[in-house]
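Note sheet for the following structure.
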Amino acid sequence: MLEPSTPDAPAYARHRLAWVDQVAYELFRVTGRRQLMQCLWLYDRDVNLAPLARTIERLSALSFNRLIEPSALPGGRPRWVKPAETPILPERSSDLLPRSRLLQWANRHARAPIDPVIGPGWRMAIQPFDDGSTAVSIVGSHVLLDGMGALRAIEAATNGIGVPNRYLPKGARGRLSGCVSDAWQILADAPRTIAALAQSAHAYWYRPSASLQRPAVTAAEPGHDPSTIVELPAVAVTVESRAWFACEQRLGGGLNTLLPGFVASLASTLGRRRFSDGAISLLVPINRRRGLEDERALAIEFHMMNIAPAGLTTDLRPVNAPLKALLRGAKNNPTAALLSSLPAIAWMPRTAAKMLVNRVFNYGGELPVSCSDLGMLPGGLARIDGAPCRHVLTRAVDVNVTRQDLERSHGHLVVVASRFEKTISLCIEACQLEPTPTTTDELRRVTSLILADFGLDAIIEA
């Protein structure tokens, strides 16, 4: 449901959030859970501060640097705005850390305050290590931009190009002017809003009884506070691309089949199998961004791919057909039922809005595993300080996740893959609560076993 915001659009329609983006924003407000993206640049030297400062200045001047301004009217659409503060400066540590603590430092940086409304919406940090290497980290809110959009924006900044920040400064519309503009938007949306409210009410009252066979939310275990914040374990895997593609060919897989095969095997070992038949449900995002001018934060479609995990470490051929069907668009989009209900979100109480989205993304039986392949990273991305770095890692980070969140979703598993020069990276974030909560050491051990089963040598950082 693309809602382009063009210069010739009515004033009330400019720079409003698309409905999908508004859902992500509403869920952030309801849950407080921060879904972030992080990019790490690894150098065998210190970084060049002057070119890096120019990259930051360009980023701050591009539409990448934005926040959300909520409407003062009930049911009003939030807008994209330009932050009022000065450009964000990188946080540079003077203390050397052991190189083995790279991911621990990255996790700590990802947990620094980020807010898509009050700001900052993104942060940058620099960390030197005791072996002479240096890491640069950029963390941003997924509510403001998806991973591919962020990578393209950063590449544009390193190359000195990109779309200038055309948003009004935060608070520039004024309360009265903003209310009038938002009222016109509410009137324009009214027909679709009424239809969406009617559809949502019908779906709630006449939902299939089968959906009640197994509750999506499990009862909290005695002795565990459901509001306890859980830090999700994470590891980063680096494999030589030559070995990765050789393994794919050796096991009879087609192009790009090893990633879903690996993720399905990992999910099965962690116990994240579908209740009905033991298959693995991979939730695969497909990029739909239409260039740097596309204002949407989440310019992606999610498609489901179901894979039987047995025997994949010796034969990838069972993955070929589901992957081809996915690429042809033969699988149903699990968000399709949500799209027509989106105009109702702004008028629902927060708890009702959360219930609607949770019911569409029903975790009760599917236990989806997020499997994102960013492909070959753009060459310009590696030159954030004006010269190529040694390695780039891209990953998803979930912060402020409660035990209740994990009980509702029966755990968590997200894998983000990317290719840089001659290596393939897999950044894995996972936690299963049963029989005991997954630890970083356990995730590293399981990941190592799966890699060995596929006959792959890799570097695993945790």
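Annotations
- Flag for Arg29 being assigned to a helix (DSSP H, G or I) and under 21 Å from Gly119 (Cα atoms): yes
- Count of the range 403-431 residues, restricted to those that are over 23 Å from Asn287 (Cα atoms) and not small (Gly, Ala, Ser), is 9.
- Restricting the range 142-179 to residues that are among the hydrophobic types (A, V, I, L, M, F, W, C) and free of Cβ contacts under 8 Å to residues at least 24 places away in the same chain, the residue that is farthest from Asp294 (Cα to Cα): Leu176
- Selection count, the range 420-450, where residues are out of contact with any helix residue (DSSP H, G or I) (no Cβ under 7 Å at 6 or more places or on another chain) and in a loop (DSSP other than H, G, I, E, B): 8
- Arg419 meets the conditions (1) under 15 Å from Pro233 (Cβ atoms); (2) among the basic types (Lys, Arg); (3) at pLDDT 95 or above in every case but one. The failed one is (1).
- When the range 396-442 is filtered for residues that are out of contact with any strand residue (DSSP E or B) (no Cβ under 8 Å at 6 or more places or on another chain) and among the hydroxyl-bearing types (Ser, Thr, Tyr), the ones remaining, listed by number, are Ser409, Thr436, Thr439.
- Residue in the range 451-462 that is within 20 Å of Leu103 (Cα to Cα), in a loop (DSSP other than H, G, I, E, B) and at pLDDT below 95 present: yes
- Taking each residue of the range 71-98 that is on the phi > 0 side of the Ramachandran plot and in the same structural domain as Ala172 (by TED's automatic domain parsing) and looking for partners that are modelled with pLDDT under 80 and not charged (D, E, K, R) with beta-carbon atoms closer than 9 Å, six or more apart or interchain, yields Gly75/Ile186; Gly75/Thr193; Gly75/Ala346; Gly75/Trp347.
- Qualifying residues in the range 134-177 (those that are polar (S, T, N, Q) and over 24 Å from Glu91 (Cβ atoms)) - the one modelled with the highest pLDDT: Asn159
- Residue ID - surrounded by the most Cβ atoms within 10 Å (Cβ to Cβ), chosen from residues in the range 282-323 that are touching a residue at least 12 places away in the same chain (Cβ under 8 Å), part of a helix (DSSP H, G or I) and of a type outside the set (Lys, Arg): Val319
- Odd one out for Asp131, checked against (1) in contact with a Ser or Thr (Cβ under 9 Å, 6 or more places away or on another chain); (2) part of a loop (DSSP other than H, G, I, E, B): (1)
- Pairs linking a residue in the range 111-126 that is on the phi > 0 side of the Ramachandran plot to a residue that is crowded, with 21+ Cβ neighbours inside 10 Å, with Cβ atoms under 8 Å and 6 or more positions apart or on different chains, are Gly119/Leu67.
The values are calculated or read from the model by the stated rules, or taken from the named source; none is laboratory data. Keep in mind the model is a prediction, meaning the values are calculated, not measured. Heads up, the Cβs are rebuilt from the backbone with ideal geometry, glycines too, and the neighbour counts pull from every protein chain shown.
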